[in-house]
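Quick notes on the structure that follows.
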């Protein structure tokens, strides 16, 4: 798999999903935020990594017995062992959280293997244990029943739908405390630059709002005096924002 640009990764680690959805909207991408998926563990830093996908279809009684896990080729087990380090394992459960899509033991294995995070539009079992882990993990809600009751793992690293969003292998997945965004792989570097620069601007806006400035002319930045003030502030903050494109050589 193609390695992700490290500067892009670092930029995305410092921007919010809110900012990313706006940057993507400006490029015509309207459906990039995974609705109904919430953080279960790993709060404190952004989850960033290329998507490695797992697709489930509804379970069937003759195929999805507990003995299915004896098969080393079982797609769920393969996903845990094959998802590349630095990637995000993202699961299509058809939005069905009535049975788990994974549990704490499998997520521990992913953590040890260096996976960047896990996303499911279904549920996780062992959610109290998962909540104590440092691995970023997102799901719809806790769900104790084993996945075989409702889910048949069928495909690895194919296009999927997760929480209503099209996810292609290699798309970049970013998660923060608010939720998860999918960035198409072809535009991720440009999106990361714009989102990082937008974050610098919005940090400055926050200081102006706290100082009592009004919105008009500042947000958006249309007033010439405010633009001059922003440019001066940004130059003074150069060390705090080492990845800004304005400071690139």
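The table below lists the values:
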quantity: Gained length - residue 245 relative to residue 94, 0.36 nm times residue gap less alpha-carbon distance; calculated: 50.4 nm
quantity: Antiparallel DSSP beta bridges within the chain, percent to nearest 5; calculated: 55 percent
quantity: Rounded to 10°, Cα long-axis angle of helix 188-210 versus longest principal axis of the chain; calculated: 60 degrees
quantity: 0 to 90° range, to nearest 10: angle between helix 224-236 axis and the chain longest Cα axis; calculated: 70 degrees
quantity: Per-peptide average of other Cβ atoms within 10 Å, ordering 230-236, 180-186 highest first; calculated: 180-186, 230-236
quantity: The chain, relative contact order [Cα under 8 Å, separation at least 6], %; calculated: 27 percent
quantity: Segment residue 203-residue 189, length gained on full extension (0.36 nm per residue, minus Cα span); calculated: 2.9 nm
quantity: Spin-label model distance (nm) - residue 71 vs residue 168, 7 Å beyond Cα toward Cβ; calculated: 3.0 nm
quantity: Ordering of 44-57, 62-75 by burial proxy (mean other Cβ atoms within 10 Å per residue, highest first); calculated: 44-57, 62-75
quantity: Sequence ranges 85-95, 117-127, ranked by mean other-Cβ count within 10 angstrom, highest first; calculated: 117-127, 85-95
quantity: Potential lengthening between residue 229 and residue 3 on full extension [0.36 nm per residue; Cα-Cα distance subtracted]; calculated: 77.5 nm
quantity: Estimated inter-spin distance, residue 213 and residue 141, nm [label 7 Å along Cα→Cβ]; calculated: 4.4 nm
quantity: Helix 17-26 vs. the chain, principal-axis angle (Cα, 0 to 90°, nearest 10); calculated: 70 degrees
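FYI, it's all coordinate maths here, none of it is from the lab. Computed from a predicted structure; not experimentally measured. For neighbour counting, all protein chains shown are included, and Cβ atoms are generated from backbone atoms with ideal geometry for every residue, glycine included.
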